[in-house]
Every structure is written in structure tokens, then in C-alpha cells.
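Worksheet: the structure to be examined is printed underneath.
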Amino acid sequence: MFLLMVGDSVAAMAILYNAFSGDYWGICILWGLGVTMACYLVGSISGAHLNPAVTIAFATYGGFPWRKVPGFIISQVIGGFLGAALTYTLFSPAINAFNIAHHTTRSGPGGLATSGIFFTHPNVGISTGHAFVDEIILTGALVLLILAFSDNYNTNGQLGNFTPLMVGLLVAMVGGFGGELEAWALNPARDFGPRLFGWLAGWGHNAFPGPNGYWWVPIVAPIVGGLVAGALYNYVLRPFMPGNPNRAKAEGPVAATAKAQV
């Protein structure tokens, strides 16, 4: 809820007031700070699982109990919905004024502009299929590093209380190199909860099904990206981490002996 209140409000400031005047990096950093502060807020309670893609990846590869997954995902979606509702509470008069000034409605073609406050859609020239691939890659980058930060075998990734800050910078980094493609959803709850709110608040078909039936992409693609990243980390990188007691076996006897001699 806190994350989406911050992130959607940043989007509202950018869309309704042009508050960043082309400073896209400022938007990325503020989204990242939203993630950081949300992690500090609830990290000691839940491990700061703010993203179903991360939760599913940790259940698949990191020992997170599968019995907790449904409750976590439902809570994440509810949080996204409530965060969008808080943003709407703050900015609804400005949204109405924006639509009047631009002679459009929430459900009309011009409503895509203000829908971007709450949920994502592809930018110009990006097809639904291409967006699906994009979100797999971008979410994969996110989950890959989150797994590295949380791995006891990764001696460079044991950051303690600085982990939320690094995760926030990671989100900002992903937004910096790929966010303009589809507004870097990365997170099914981040998109679906606010999208459901937007549909109820009058954005209609701009929310469901969205441009070219896009609505399902931010749900499915991040989960696929998280699973791909988990496989890459656990089967390609983790066996060679310095703290892994099975590292010598993973490297093979010749490489292990050579390192011992050095």
C-alpha cells in the first residue's frame, strides 16, 4: 500500500503537473525510494515481500513455504489496490481538471494518459508480445539481484540493514534502463491492484482489457521472469559462490586444486 501510494503519486505529479520537466531519473529514484521505505516498514514482519513474482521465485528456489504464497499474493494485490485508492484521494480533483483541459474522459482514448497514474501499458511502437518479453527480462534482472542480496553464500551480497536501500536502487536502475517500454511493471500486484481500482473508478476498457488486450502481461510475464531468474541464479551462479560448501564439487577437482595451490 505504501509503495503504490508513493509510486502512483509520483506518476500523478509527472502526468498532471509535469513536475519533473523531463527528469526521468528523478521518477526512477522516487519509485526506488518507495520500495526502500516499504521494505524498512515491513521487512522485519514479512521479509518485505512486496511482489508476487519475488514470492513465487523464493517459494520455488529459496525455501519460502508454499502454504504462505496465496495469502501473501492476496495481501500484495489488496495493498496495491489501497495504495491506488490513496493516490486517487490525493489527486482526483487534478485528474478531473486535466481531463476537462484536454477534452477527454477517463474511459475515452485520451484517458490512457491519466490511466498511467495507476497502471501500466505499452509505449508507442511496443506490441503486446514484445511487452511480454520485455517484462520477463526486466523482472528477471530484478529478481536475480534480489536473490543475490539474500543469499548467505554470496559474501558480497550480505548487506544487512542496507539491503532495502540496494533493492530500491535496483528498482531505480531497472526503470532507468527499461522503464519507458511499459512503465516497468515488474510486479503483478503493483499493476493488477491499481488496474482493478482504475476500472472501478471509471477508466473502463483502458484498464480491462487495456490497449491490445495488454492487461494480462504484467501479471504473467513478471512471474515467468522471476522463475527464469531463479533458475539462472540457483543453477548457474550459486554453485560457484565463495560461501557455498559444495563449491569445489561444482567447479570440479582440477579447478579446485588449482585454486588451492594459488
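The values are calculated or read from the model by the stated rules, or taken from the named source; none is laboratory data. Predicted, not measured: the structure shown is a model, and the values here were computed from it. Note that each Cβ is placed from the backbone with ideal geometry, even for glycine, and that neighbours are counted across all protein chains shown. Remember, those area values only see protein heavy atoms, side chains included, never the ligands or the DNA or RNA. Shrake-Rupley method; radii C 1.70, N 1.55, O 1.52, S 1.80 Å.
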Filter the range 117-164 down to residues that are small (G, A, S) and either assigned to a loop (DSSP other than H, G, I, E, B) or free of Cβ contacts under 8 Å to residues at least 24 places away in the same chain (or both) and give me whichever is least open to solvent (accessible area, probe 1.4 Å). G157
Look through the range 235-262, keep the residues that are open to solvent by less than 90 Å² (accessible area, probe 1.4 Å) and part of a loop (DSSP other than H, G, I, E, B), and return whichever of them is modelled with the lowest pLDDT. G252
The one condition in (1) open to solvent by less than 30 Å² (accessible area, probe 1.4 Å); (2) at positive phi that C28 fails to fulfil: (2)
At pLDDT 95 or above, β-branched (V, I, T), touching an Asp or Glu at 6+ places or on another chain (Cβ under 7 Å) and farther than 23 Å from N99 by Cα: does that describe V217? yes
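Considering only the range 7-27, state which residues are in contact (Cβ under 8 Å) with a residue 40 or more places away in the chain, under 27 Å from I78 (Cα atoms) and not polar (S, T, N, Q).
Residues satisfying the conditions are G7, D8, A11, A12, I15, L16, I27.
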Of F2, F58, which residue is touching a His at 6+ places or on another chain (Cβ under 8 Å) and of a type outside the set (S, T, N, Q)? F58
Check whether at least one residue in the range 210-222 is farther than 22 Å from R106 by Cα, among the aliphatic types (A, V, I, L, M) and crowded, with 18+ Cβ neighbours inside 10 Å, and report yes or no. yes
Which one of these is open to solvent by 40 Å² or more (accessible area, probe 1.4 Å), modelled with pLDDT of 95 or more and in contact with a Leu (Cβ under 8 Å, 6 or more places away or on another chain): L232, L196? L232
